[in-house]
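Take a look at the structure set out below.
Every number in this text was worked out from the coordinates using simple rules, so none of it is lab data. Computed from a predicted model, the values in this text were never measured in an experiment. Neighbour counts run over all protein chains shown; Cβ positions are idealised from the backbone, glycine included.
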Amino acid sequence: MTAVSFNNAEVRVLGLVEKGYTSSEISDKLGNSKRTIQTHKQNICHKLGVKGRLGLQKWLWEVKNG
């Protein structure tokens, strides 16, 4: 597996996605617009080669559970 690097904002968003927060909830929590959060999520998905929220959640589960 190739190493993937995330910026600080992406790491914060990933942590909240893992906890089940929606884009709106993450937006409120981090003080960013919902569009900014969606852009971070799109960038994360592109870096990982996954599609959408389900692909991202599957990746997070696999990383956590092996």
**Request:** Quick one: what are the phi-derived ³J(HN,Hα) couplings along the stretch 17-32, Karplus 6.51/-1.76/1.60 with θ = phi - 60°, whole Hz, x for glycine and proline?
**Result:** 4, 4, 7, x, 6, 7, 4, 5, 5, 5, 4, 5, 5, 9, x, 10
**Prompt:** Of the labelled options [x] 19, 12, 10; [y] 38, 20, 7; [z] 64, 6, 4, which one gives semi-axes √(5λ) of the Cα gyration tensor in Å as computed for this structure?
**Reply:** [x]
**Fill in**
If each K or R counts +1 and each D or E counts -1, the residues other than GLY15 whose Cβ falls under 13 Å of its Cβ total +2
**Request:** Count charges around LEU48 for me, please; just the other residues with Cβ under 11 Å from its Cβ, Lys/Arg as +1, Asp/Glu as -1.
**Result:** +2
**Fill in**
So, over other residues within a Cβ distance under 11 Å of GLU25, counting Lys, Arg +1 and Asp, Glu -1, the net charge is +2
**Request:** Let me have the 222 nm mean residue ellipticity of the chain computed from DSSP H runs of 4+ only, each contributing -39500 (n - 2.57), with the sum over all residues rounded to the nearest 500.
**Result:** -22500 deg cm²/dmol
**Item:** Cα-based helix-to-principal-axis angle, 52-65 vs the chain, degrees rounded to 10
**Value:** 60 degrees
